[in-house]
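No lab work stands behind these numbers, since they all come straight from the coordinates. Keep in mind it's a predicted model, so treat the numbers as computed, not measured. Heads up, the Cβs are rebuilt from the backbone with ideal geometry, glycines too, and the neighbour counts pull from every protein chain shown.
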Amino acid sequence: MANPVVAIVGRPNVGKSTLFNRIVGERISIVEDVPGVTRDRIYSMSEWLDHHFHLIDTGGIAFDDHDELLDHIRYQAELAIDEADVIVFVVDATTGITSTDEEVAKMLYRSQKPVVLAVNKADNPERMGNIYEFYSLGFDEPIGVSSTHGLGIGDLLDAVIKHFPVKADEEYNEEVIRVSLIGRPNVGKSSLVNALLGEERVIVSEIAGTTRDAIDTMLTQDDQEFVIIDTAGMRKRGKVYESTEKYSVLRALRAIERSDVCLTIINAEEGIIEQDKRIAGYAHEAGRAAIIVVNKWDALEKDDKTFHQFTQKIRDEFLFLSYAPILFVSAKTTQRIQQILPKVQEVSDQHAMRIPTHVLNDLIQEATTVTPPPSDKGRRLRINYATQVSVKPPTFVLFVNDTELMHFSYQRYLENRIREAFPFEGTPIRIIVRNKS
Ligand code: GDP
Ligand code: GDP
């Protein structure tokens, strides 16, 4: 099941983005280490007492500029109501209740979604005393917080996680390959799903229960079952936020989580933009298998260099996805559509592959002989033992004499050696370095 979504709403200047940054804090700096992935400052994965959740700062989602302020806030609240499991409604202890707060409160109240009221800027005991007036907004106990000072954040998160839905069992059995098509609006996700379902050898067995996130389509090809998690199929047509690119990230996030294999769809006509990389970056970080699918290949003027140039451009832009195969397709003409599912099956196999421990250790041994590990002040890194601890994605633990001696570049070298022996096409691999106890 996908992780719950928590949305922060409230009028401008109450401190939504400060609160967002406070909650996600260090996490942002960690994930920024992935080269070539730019962070969205409005979506982040967060964690509190072993509960993982997505956090959205709805204030960061811009709508058309010509709309009134109140409309903006309304769209943000609407998005939160539709998408979030829990809403954090932020108000300002220094200003008291404003008429805009009351407007937002009315919308949230009608939605019947769980709302946690955060009275921000309660930096000192005197301001903490101001929070009681906010009872009149009609929610449970207001929680005083100071986002700049980091006060009350734990209490706030305690209240938030109490409202999380109870986790359900995994929805599909292990053999089914869960696939999602992710990408910006208009790259052709829906068209590609339709093209896949229309393929000759594909048997669509069932349109499974519609979850809130997506419509799942079961299909079979050559005895392999797939489920397509179609985020585009669940469009809430007519909603203002639906066409915003920032919103498409949220859709992608939830689909990524439920998938084994993510197809990042690129529009050949428009080329690659930042948003494409962001979405693909989330799939990479989540450890999903990946294929880059360049759609609308029919719409491009091509000569004998186009294919090579486009491939190179993708490799340059998606440095972190160097393992992902690339397919050039057209949903419109169905060109190469039949290659998609077999490729999905291939990368899915690689995603689930295990290297026997003795083979892995021989490989590491040889790698360290060819290029000895780095040393620091006379001490050299020694790798005592390596083992693969999990799959999806393949994850390796190296037990060493001192983790401090492991350098990023050496770890990269080891990853490359592993990939020379076992390509792991289409899957990220993880290496964890531990001190030998
Ligand atoms: P947003 O428009 O709701 O996202 O608000 P921002 O996060 O941009 O914050 C608006 C202003 O309030 C900024 O100047 C922040 O530094 C300030 N602010 C945010 N949180 C606090 C707080 O807990 N205490 C105080 N004193 N100021 C805060
Ligand atoms: P989504 O928003 O990513 O689901 O994109 P859609 O599937 O709705 O497609 C967006 C637009 O691109 C529609 O007008 C499609 O007809 C068009 N389109 C989709 N795939 C192709 C393709 O392979 N070639 C061309 N020329 N147009 C396409």
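Relative to its Kirkwood radius, the Cα radius of gyration of the chain gives an Rg/Rh of 1.01.
Convex hull volume of the C-alpha atoms in region 5-163, normalised per residue: 109 Å³. Quick check on the chain: of the DSSP beta bridges with both residues there, what percent are antiparallel, nearest 5%? Just about 40 percent of them are antiparallel.
Mean residue ellipticity at 222 nm, helices only, the chain: -10000 deg cm²/dmol; runs of at least 4 DSSP H residues each add -39,500 (n - 2.57), and the sum is divided by the number of residues. For the pair region 402-437 / region 283-304, the C-alpha centres are spaced 27 Å from each other. Comparing 375, 146, 44 in a Gaussian network model of the chain, where Cα atoms under 10 Å apart are tied by springs, the biggest mean-square fluctuation is seen for 375.
Between residue 379 and residue 307, the C-beta separation translates, for a Förster distance of 51 Å, into a calculated FRET efficiency of about 0.55. Other residues with beta-carbon under 13 Å from the beta-carbon of residue 92 carry, at +1 per Lys or Arg and -1 per Asp or Glu, a net charge of +1. Over 30 Å apart at the Cα level, from the set 113/277; 277/343; 277/436; 162/277; 277/305, are 113/277; 277/436; 162/277.
Take the chain, connect every pair of alpha-carbon atoms lying under 10 Å apart with a spring to form a Gaussian network, then pick out the residue of 367, 105, 195 with the largest mean-square fluctuation. Looking only at 367, 105, 195, the biggest GNM fluctuation is shown by 367. Classify region 119-196 as rounded, prolate or oblate, taking a ≥ b ≥ c as the square roots of the eigenvalues of its Cα gyration tensor: rounded when a/c is under 1.5, otherwise prolate if a/b is larger than b/c and oblate if not. Taking the square roots of the gyration eigenvalues as a ≥ b ≥ c, region 119-196 is prolate. Which log10 I(q)/I(0) values does region 357-435 give at q = 0.19, 0.23, 0.25, 0.28 Å⁻¹ under the Debye formula, counting every alpha carbon as one identical point scatterer? Those come out to -0.77, -1.14, -1.35, -1.65, one per q.
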